[in-house]
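Encoded as structure tokens, the structure appears first; notes follow it.
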Amino acid sequence: METKPVITCLKTLLIVYSFVFWITGAILLAVGVWGKLMLGPYISLIADNSTNAPYVLIGTGTVIIVFGLFGCFATCRGSPWMLKLYAMFLSLVFLAELVAGISGFVFRHEIKGTFHRTYTDAVLNYNAEDEASRAVDNLQHRLRCCGVYNYTSWFGSVYYPSNGIPASCCFNSSDCNPDDLRNATLAPSKVYHQGCYELVTSFMETNMAIIAGVTFGIAFSQLIGMLLACCLSRIITANQYEMV
């Protein structure tokens with residue numbers, strides 16, 4: 001019976017961990033849904049083709065929620081094979097997160113290059129109507145930037161000859177009319193001079209270490225759950241203990 005306090009302690013810790021793990025799944029699910037609803041146009045500017053990142057987050061969050069509940073059930077039930085299955089799932093999540101974190105850090109320059117290529121293409125082919133054009137407008141308006149490197153990026157677009165620089169570049173919409181935006185001499189005094197590419201990439205560089213740290217921290221937290229599940233399973237098996 002001296003093992004009962006140890007098992008009770010491990011059980012409590014694993015239930016708390018499983019609950020936290022369930023919360024992370026709910027957060028991933030919420031971020032995935034939010035990303036699909038709100039960030040779809042922006043994601044299209046970062047990827048060459050339409051990306052499934054929001055669906056991946058939704059799917060991952062759902063699976064984590066299910067296995068978080070499974071972990072709580074396995075712990076309360078005291079089933080060794082369920083606990084081993086839970087530990088196996090946590091190891092898979094750990095490996096997936098580790099690979100994702102390393103890949104994001106290693107290929108950050110490729111991500112920047114892809115963004116430069118797709119954003120430049122969106123500017124050059126801007127028509128103020130399609131999804132990519134609306135994403136460009138939203139990005140310029142929210143970040144208070146204009147063009148790829150600056151407003152001169154718009155001079156080579158198909159939109160500029162007949163319409164000038166898009167109104168989303170104006171820092172004062174009430175003092176910015178189409179005639180001004182078609183005037184290469186007057187337009188610079190009406191629009192932002194900061195390029196969007198520099199703003200986005202500087203944000204990525206500044207926060208890459210934070211993003212990588214959070215990713216690796218979450219990944220290694222899976223090791224705690226794996227250790228708790230394996231220890232509890234081994235003690236229950238060795239002592240033929242059944243949870244009440």
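Modelled with pLDDT of 65 or more, more than 26 Å from Gln140 (Cβ to Cβ) and open to solvent by 40 Å² or more (accessible area, probe 1.4 Å): is that true of Ile27 in this structure? Yes. Checking the stated criteria, Leu90 turns out to be hydrophobic (A, V, I, L, M, F, W, C), surrounded by 17 or more Cβ atoms within 10 Å (Cβ to Cβ) and either in a helix (DSSP H, G or I) or in contact with a His (Cβ under 6 Å, 6 or more places away or on another chain) (or both). Of the numbered criteria (1) modelled with pLDDT under 90; (2) within 31 Å of the chain's Cα centre (by Cα); (3) over 22 Å from Glu129 (Cα atoms), the one Tyr197 fails is (3). Screening the candidates Ser153, Ser162, Ser233, Ser157 for the property of being surrounded by 14 or more Cβ atoms within 10 Å (Cβ to Cβ) and more than 33 Å from the chain's Cα centre (by Cα) yields one hit, Ser233.
Among the residues making up region 186-196, those that are assigned to a helix (DSSP H, G or I) and buried (at least 20 other Cβ atoms within 10 Å of the Cβ) are Ala187, Cys196.
If only residues of region 1-22 that are open to solvent by less than 60 Å² (accessible area, probe 1.4 Å) and assigned to a helix (DSSP H, G or I) are counted, the one that is farthest from Cys76 (Cα to Cα) is Phe21.
A residue that is touching a Pro at 6+ places or on another chain (Cβ under 6 Å) and either open to solvent by less than 80 Å² (accessible area, probe 1.4 Å) or not hydroxyl-bearing (Ser, Thr, Tyr) (or both) occurs somewhere in region 123-132.
Within region 166-185, the set of residues being among the hydroxyl-bearing types (Ser, Thr, Tyr) and outside any loop (DSSP other than H, G, I, E, B) comprises Ser168, Ser173, Ser174.
The values are calculated or read from the model by the stated rules, or taken from the named source; none is laboratory data. For clarity, every value in this text was computed on a predicted model and none was experimentally measured. With ideal geometry, Cβ positions are generated from the backbone for all residues, glycine too; neighbour counts draw on all protein chains shown. When the accessible area is computed, the model is the full protein with side chains, heavy atoms only, and any ligands, DNA or RNA have been set aside. Shrake-Rupley method; radii C 1.70, N 1.55, O 1.52, S 1.80 Å.
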